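Encoded as structure tokens, the structure appears first; notes follow it.
The values are calculated or read from the model by the stated rules, or taken from the named source; none is laboratory data. Being a predicted model, the structure only gives us computed values, none of them experimental. Here the Cβ positions follow ideal geometry from the backbone for every residue, glycine too, while neighbour counts run over all protein chains shown.
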Amino acid sequence: MIIDGFLPSSEQKVSIYDNDSYDILFDDAICTALSVDSNSIVMSHPLEDGSKVSDHQVFDLTKISMELNLSKRDYNLVYENIDTAYRSSTLLTIQTKVNIYKNMIIESSPHVEGNYQGIKMNLKLVEFDPVSSVDIQYKPQLASDNNTTKKGIQNGTKIADNKRVSVINKIIGVA
């Protein structure tokens, strides 16, 4: 049953959850349209004969654009909750009709206010995949280069006083 152009929440197929507790968030925000952008880049390289070969695929972060209608009842409170999640970088889980997207973060939350009751929002979410420097491990080729953390300040070694004289200096008599 459609009421004022909106589906009742019991028929709603798209939901927003807290990433950690899986509590449903923004229950009164009704999603009217959703767009998922999943792209990748296929790496290709030229061969000697001029043809190309593909050998690797890099996946971009998933982006979701959601059109939300905040109904006439308590839309101020729902807007404040969305804004708080946006400003505090809350990780969200988005359940669509066909998939579940975890670790999503609100990238932008523009809204439109009109002479109708409530407001319309167009949330833009992006997959959040933090990488810390601890996760990236450098492994040197030589075992002697393996541990450099406790070497501190080092002085250079002194070169022997054997002066090397170039052949040209010997010919012109400068030594």
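Overview of results
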| read-out | value |
| --- | --- |
| Lys97 modelled with pLDDT under 90 and more than 30 Å from Val36 (Cβ to Cβ) | no |
| Residue satisfying all of: in segment 126-145; out of contact with any Leu (no Cβ under 7 Å at 6 or more places or on another chain), in a loop (DSSP other than H, G, I, E, B) and modelled with pLDDT of 70 or more; farthest from Asn39 (Cα to Cα) among these | Leu142 |
| Hits in segment 48-70 (condition: among the charged types (D, E, K, R) and either more than 30 Å from Glu113 (Cβ to Cβ) or without any contact (Cβ under 8 Å) to a residue 60 or more places away in the chain (or both)) | Glu48, Asp49, Lys52, Asp55, Asp60, Glu67 |
| Tally of residues being exposed (fewer than 10 other Cβ atoms within 10 Å of the Cβ) and at pLDDT 90 or above across segment 1-20 | 0 |
| Residue within segment 106-118 that is surrounded by 17 or more Cβ atoms within 10 Å (Cβ to Cβ), free of Cβ contacts under 8 Å to residues at least 40 places away in the same chain and either touching a Ser or Thr at 6+ places or on another chain (Cβ under 8 Å) or in a loop (DSSP other than H, G, I, E, B) (or both) present | yes |
| Test: residue in segment 53-60 that is modelled with pLDDT under 90, closer than 17 Å to Lys120 by Cα and either out of contact with any helix residue (DSSP H, G or I) (no Cβ under 8 Å at 6 or more places or on another chain) or among the acidic types (Asp, Glu) (or both) | no |
| Top-ranked residue in segment 71-90 [being surrounded by 14 or more Cβ atoms within 10 Å (Cβ to Cβ) and among the hydroxyl-bearing types (Ser, Thr, Tyr); ranked as farthest from Gly114 (Cα to Cα)] | Thr90 |
